1. Would you check which residues across the stretch 176-197 are within 21 Å of SER153 (Cβ to Cβ) and either out of contact with any strand residue (DSSP E or B) (no Cβ under 9 Å at 6 or more places or on another chain) or part of a loop (DSSP other than H, G, I, E, B) (or both) and list them?
2. Quick check on my filter: what residues within the stretch 38-56 are surrounded by fewer than 18 Cβ atoms within 10 Å (Cβ to Cβ) and either more than 19 Å from ALA170 (Cα to Cα) or in contact (Cβ under 8 Å) with a residue 40 or more places away in the chain (or both)?
3. Tell me, please, whether a residue that is in a loop (DSSP other than H, G, I, E, B) and either free of Cβ contacts under 8 Å to residues at least 40 places away in the same chain or within 29 Å of the chain's Cα centre (by Cα) (or both) can be found in the stretch 213-225.
4. Looking at (1) open to solvent by less than 40 Å² (accessible area, probe 1.4 Å); (2) not in a helix (DSSP H, G or I), which is the one condition that is false for ILE489?
5. Name the residue that is farthest from MET554 (Cα to Cα), counting only residues in the stretch 477-522 that are within 28 Å of the chain's Cα centre (by Cα) and polar (S, T, N, Q).
6. On the given criteria, is ALA169 outside any loop (DSSP other than H, G, I, E, B), within 30 Å of ALA439 (Cβ to Cβ) and modelled with pLDDT of 95 or more?
7. Take residues that are touching a residue at least 60 places away in the same chain (Cβ under 8 Å) and open to solvent by 20 Å² or more (accessible area, probe 1.4 Å) and tell me which of the strands (runs of 3 or more DSSP E) falling wholly in the stretch 292-394 contain 1 or more.
8. Show me the helices (runs of 4 or more DSSP H) entirely contained within the stretch 1-94 in which 1 or more residues are modelled with pLDDT of 95 or more.
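The values are calculated or read from the model by the stated rules, or taken from the named source; none is laboratory data. All values reported here derive from a predicted model rather than from experimental measurement. Here Cβ is always computed from backbone atoms with ideal geometry, including for glycine, and neighbour counts include all displayed protein chains. Side chains are part of the model used for accessible areas, which takes the heavy atoms of the whole protein and leaves out ligands, DNA and RNA. Shrake-Rupley method; radii C 1.70, N 1.55, O 1.52, S 1.80 Å.
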Amino acid sequence: MTHDHDLELRPTAAQTEAALNPPPGRNGGDLVVETLAGLGATTVFGLPGQHALGMFDALRRSDLRYIGLRVENNAGFAADAYGRITGEAAPLLLSTGPGALTSLAALQEAAAASAPVLAISSQVPTAGLGGGRHGYLHELPDQSASFRGVVKSVHSVRTQSQIPSAIAAAWKSALTAPHGPVWVEIPQDVLLAETHLPVVTAVDATPEDLPPRPELTAVAADLLSKAARPAIIAGGGVVRADASRKLLQLAERLQAPVVTTPGGKGAFPWEHPLSLQSWLEDRYTTDFLEDADVLLVVGSGLGELSSNYHTFKPRGRVIQIEADLGKLESNHPALGIHADARPALQALLETVAERTDPTAPERVRNLLDRVRERIESQELTLEQDLLASIRRALPASSPSFWDMTILAYWAWSAFDAKGPNTLHSAQGAGGLGYGFPAALGAAAADPTTPVLAVSGDGGALYSIAELATARQYDLNVTWLIVDDGGYGILREYMTDAFGQATATELTRPDYVALAESFGVPGVRTTPETLESDLAKAFATPGPSVVVLPAVLRMFAPTHLGGAER
């Protein structure tokens with residue numbers, strides 16, 4: 001008896017002919033790029049190196065688009081952003097040793113933010129593997145060991161026949177919730193050797209679903225339906241799962257106020273009557289959430305920022321939906337539901353009872369009024385005006401990428417993202433240099449939409465080389481550099497803690513002249529002209545730099561002892 005799936009596995013005559021007579025001149029690198037194309041990849045990022053040349057040589061025989069950056073870490077940030085914007089696994093091609101290790105900080109950010117990055121690195125020749133000291137260039141005793149504590153999974157290849165399966169397994173891992181970076185390494189000689197294996201065609205690497213257990217969602221639905229003061233914290237898992245609409249439906253059905261974490265920016269409409277916006281670093285918000293008798297946490301581990309620096313102490317029942325098993329109940333006891341946000345929210349929608357609570361919008365307004373009054377009492381008009389200018393200038397559909405800089409810390413709390421998956425920052429791992437190269441990756445993902453990058457001058461110095469990348473590929477990114485002459489937030493932290501700052505002041509270039517030396521238009525702006533200068537830059541295709549000399553301040557923290565409540 002012949003089954004339908006048996007027929008699907010039977011090759012066509014054309015496939016048989018192609019398999020028996022593969023084109024000449026192919027090597028192991030061709031198997032890499034053919035597998036990527038078969039998985040659906042269209043764009044790869046990276047930086048060539050001696051051991052990886054087999055992969056890069058194969059690129060010219062493929063239809064894959066290559067975006068080459070100048071520093072491996074920046075290539076990793078670009079791949080991270082491409083993965084966030086498209087929801088696809090972004091291939092990142094790297095060389096052995098120093099090239100591979102230079103990507104580690106970017107892979108840590110991708111892991112913290114659940115961004116699907118498929119890093120493929122070369123290795124020393126197979127004769128040098130096994131931990132001996134053979135003296136090969138770039139040799140490490142165990143290269144993959146440096147990545148095991150950072151990425152979701154590690155896949156080591158030793159023969160050409162292993163390449164398609166290893167890359168397919170890595171692709172599946174990267175895109176199975178929670179998304180994340182994965183690592184594949186292939187020895188130099190395996191990449192360079194001529195191959196007689198058939199051309200790799202379609203490859204099946206369907207990600208696994210992560211549905212909730214129904215007995216858990218039944219209990220959660222009962223708790224939420226009977227709650228007197230339910231509230232919701234929405235994290236990055238809602239954005240990654242494309243579950244914002246389901247979150248909105250559930251919040252309205254329960255009449256539950258919603259606050260979004262820095263990673264969850266845009267997951268809930270900013271001006272909605274139930275929106276607590278993103279003021280998690282505020283004691284008034286912390287008090288409000290502590291007072292909830294049932295708190296639903298979706299796609300967040302309630303880490304340092306999302307818990308107001310671990311001062312949040314819930315008094316009611318906590319329900320936590322989280323795809324990352326390690327984050328489940330890691331900070332607070334809860335009804336832990338190990339699931340992707342989308343199917344879990346759908347299960348709740350199908351089982352919760354509708355609540356009426358006419359007081360909920362009023363309680364939300366009162367909270368936001370108190371937060372606004374606290375901020376206004378601190379004479380921080382400049383910072384608020386700058387965010388408002390950026391918001392007015394930035395098209396609503398445009399994504400923005402924020403480095404670890406004071407204006408980004410403001411944006412986590414005070415910026416209206418206008419929708420899910422539009423505001424991104426390096427708050428997951430907290431490394432400098434993310435904003436500009438990540439924005440380049442987003443521009444590669446969608447060349448039709450202008451992209452904003454925001455950096456301080458300290459973070460900008462990590463990424464200057466990528467002005468060449470922006471110009472080479474004509475990527476549609478406007479880079480706002482807030483120049484305060486140093487590491488502004490560290491200057492503030494040290495002054496507060498020690499009375500004065502050390503090692504925070506920087507000699508820096510003329511950023512406008514530097515941009516122009518790369519052929520990228522640059523302009524020096526002021527707080528008064530920022531909106532018009534940004535709007536002009538967004539309306540002009542291609543890269544541009546806008547430099548704002550300004551010293552900014554953070555709003556007063558509320559998590560310290562004796563802080564204003």
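1. Initial filter on the stretch 176-197 (within 21 Å of SER153 (Cβ to Cβ)): 176-187, 190-191.
Within the stretch 176-197, THR176, ALA177, PRO178, HIS179, GLY180, PRO181 meet the criteria.
2. Answer for the stretch 38-56, where residues must be surrounded by fewer than 18 Cβ atoms within 10 Å (Cβ to Cβ) and either more than 19 Å from ALA170 (Cα to Cα) or in contact (Cβ under 8 Å) with a residue 40 or more places away in the chain (or both): GLY40, GLN50, LEU53.
3. yes
4. So the condition that ILE489 fails would be (2).
5. Only one residue fits best here, namely THR478.
6. no
7. 317-322, 335-338
8. So the answer is 28-39, 53-59, 72-86.
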